[in-house]
Amino acid sequence: MNNPSQQYTWDGVFSEPVSYIVKRYTASVHFDKRMWRQDIRASIAHARMLARQGILSENDLADIERGMALVEAEIESGRFEWSLDFEDVHLNIEKRLTALVGEAGKRLHTGRSRNDQVATDIRLYLRDGIDCLLDLLKLFQEALVTLAEREAATPMPGFTHLQVAQPVTFGHHMLAYFEMFWRDSERLRDCRRRVNRLPLGAAALAGTTYPIDRESVAVELGFEAVCENSLDAVSDRDFAIEFSAAAALCMTHISRLSEELVLWMNPQVGFIRIADRFCTGSSIMPQKKNPDVPELARGKTGRVNGNLMALLTLMKGQPLAYNKDNQEDKEPLFDTLDTLTDTLAIFADMMGTGITVVAYRMKEALHAGFATATDLADYLVKRGMPFRDAHAVVGSVVKFADKQGVDLPDLTLPQLKEFSPLIDEDVFFALTVTGSLAARNHIGGTAPEQVNAAIDRARKRLGAE
């Protein structure tokens, strides 16, 4: 006989109630209720399939669809009462549905388990999140390309080891980040294919005895395929780990850009200004303008990396099939999704309209580190000198110029000829920033002509998405 005081779906076999602290410890509704849309969507698709297969009556299906519409309206309006007694989003919705439509609500769970139900909801939720991220990444990439186009010919120092190396253009520098974030978008699109497989129908772990049609549910919910093995379908979270790894890489790229923005905004460098809406001031020092957005993004990268480690550790010791451990997959996954979503939205705006390039400061920095030394070596090689010999000669020239307190283009022709008779008047164009940039006129090079060509290719790639 049914116990009228039953709270849980499994109370029939238990002789005492769950203690409050265990109830609180095991409940997930406070964080998984965000999946309510996906839970309703998947439940309706499941009910429709059951009706098509003759497992559920048309009247029951009509009641379930009507009841779910009422539940959806209650949640949307904030009137829905989420209860710790019902553990999670799935039971909360099912209990409310049953209260609204009666017996039909109790029949909804036929042919499924919470194991395949939650796996389906997570995949739907993550798929929706990836689609949003891809849209934001595209906006961010478009902002980078627009900024690159605006500064396609603006010279700046290129660095290795954070030391002045060779001249590049700011546009070329921004396109380097475009390429990183393009690969991030490729990873997310590829990850989405593996996320987009339907677990529903695997039931608890072994499938179901009912004559279900999993493929029709997959089609209705927009899945590309069904999970082929019921044990695997309910127990693995590798799709969440794969997403978290892709997100960690994307945040790492954002963190690298953030580090440069912080450095460039420092008054001692002064390469850029960041709009006030992305900065904060000091509580004590009135002159301060702090680059809080890039600093915080740099910090949040560690948190996203930590979430990846948490999910890897979560899965590493689990036997097949489902284990309660997997309840711990959602908070790090949700946090990663939220963090990356917010970060991309802010950075798309900041890089699109919030960065002002201070070109003269970049030009000044180019004259402080012998940025065209390699161009002098290349000049000598083109006149027949072996590169290693040219390298040594230019090293001596740099040492001499440093003692004189001048840059290479400031040396006279007689002074340069002291180091090699191969040097002639045309060396001075090679030693200019303009000449250095123009000389690198090949695909992937920093010549403004090539930067503009790369911008055109980038726009075509973005348009073809």
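Relative contact order, whole percent, for the stretch 106-207 stands at 45, derived from Cα pairs under 8 Å and 6 or more residues apart. Past 21 Å, Cα to Cα: identify those pairs from K23/K95; K363/K460; K382/K417; K33/K138; K23/K324; K288/K363, in the order given. With Cα atoms farther than 21 Å apart: K363/K460; K33/K138; K288/K363.
Could you rank the peptides 188-198, 282-292 by their average count of other C-beta atoms within 10 Å per residue, with the highest value first? Write out the running numbers ahead of the final one.
Values: 188-198: 18.5, 282-292: 11.1.
Answer by packing, highest mean first, reads 188-198, 282-292.
Charge tally for P267 (other residues, Cβ to Cβ under 15 Å; Lys, Arg +1; Asp, Glu -1): +3. If the Kirkwood radius is taken over C-alpha pairs of the chain, then at 10 °C and 1.306 mPa s the Stokes-Einstein diffusion coefficient equals 60 µm²/s. Using only alpha carbon pairs under 8 Å that are at least six residues apart, calculate the relative contact order of the chain and give it in whole percent. The value is 16 percent.
I'd like to compare 452-463, 133-144: which one has the highest average count of other Cβ atoms within 10 Å, and what's the full order after that?
The packing order, highest mean first, is 133-144, 452-463.
Per residue, how much accessible surface does the chain expose to a 1.4 Å probe? Answer in Å², no decimals. If you can, show how the numbers build up before the last one.
On the way: 22240 Å² over 465 residues.
Result: 48 Å² of accessible area for each residue.
Mean residue ellipticity, 222 nm, helices only, the chain: the sum of -39500 (n - 2.57) across DSSP H runs of n ≥ 4, divided by residue count and rounded to 500, is -20000 deg cm²/dmol. Computed from Cα positions, the angle between helix 330-353 and the longest principal axis of the chain comes to roughly 40 degrees.
Within the stretch 255-370, what whole-number % of the accessible surface is contributed by carbon and sulfur, with the 1.4 Å probe and all protein chains included in the calculation? Ligands and nucleic acids excluded, carbon and sulfur reach 54 percent.
Each residue of the stretch 216-226 is assigned a 3J(HN,Hα), and the resulting list reads 5, 5, 4, 5, 4, 8, x, 7, 7, 6, 9 Hz, derived from the Karplus form 6.51 cos²θ - 1.76 cosθ + 1.60 (θ = phi - 60°), x at Gly and Pro.
If packing is taken as the average number of other Cβ atoms within 10 Å across a peptide's residues, how do 309-320, 207-218 rank, most packed first?
Working: 309-320: 13.5, 207-218: 16.5.
Highest to lowest by the protection proxy: 207-218, 309-320.
For the stretch 23-80 versus the stretch 184-242, the spacing of their alpha-carbon centroids is 19 Å.
The angle between the Cα long axis of helix 292-315 and the main principal axis of the chain comes to about 50°, on a 0 to 90 degree scale. Each Lys or Arg adds one and each Asp or Glu takes one away; over the other residues whose Cβ falls under 15 Å from the Cβ of Q53, this sums to 0. Between V226 and L198, the built amide H atoms are under 5 Å apart, and every one of these is 5 or more places off in sequence or on another chain.
Assign one of three labels to the stretch 320-395, namely rounded, prolate or oblate, based on the Cα gyration tensor with a ≥ b ≥ c the square roots of its eigenvalues; rounded applies when a/c is under 1.5, prolate when it is not and a/b is larger than b/c, and oblate otherwise. Since a/c reaches 1.5 but b/c is at least a/b, the shape of the stretch 320-395 is classed as oblate.
For the chain, the longest principal axis of the C-alpha atoms and the axis of helix 114-150 are separated by about 20°.
The values are calculated or read from the model by the stated rules, or taken from the named source; none is laboratory data. Just so it is clear, the structure is predicted and the values come from calculations on it, not from any experiment. Cβ sites come from the backbone with ideal geometry, for glycine too, and all protein chains shown count toward neighbours. What goes into the accessible areas is simple: the full protein's heavy atoms, side chains included, and nothing from ligands, DNA or RNA. Shrake-Rupley method; radii C 1.70, N 1.55, O 1.52, S 1.80 Å.
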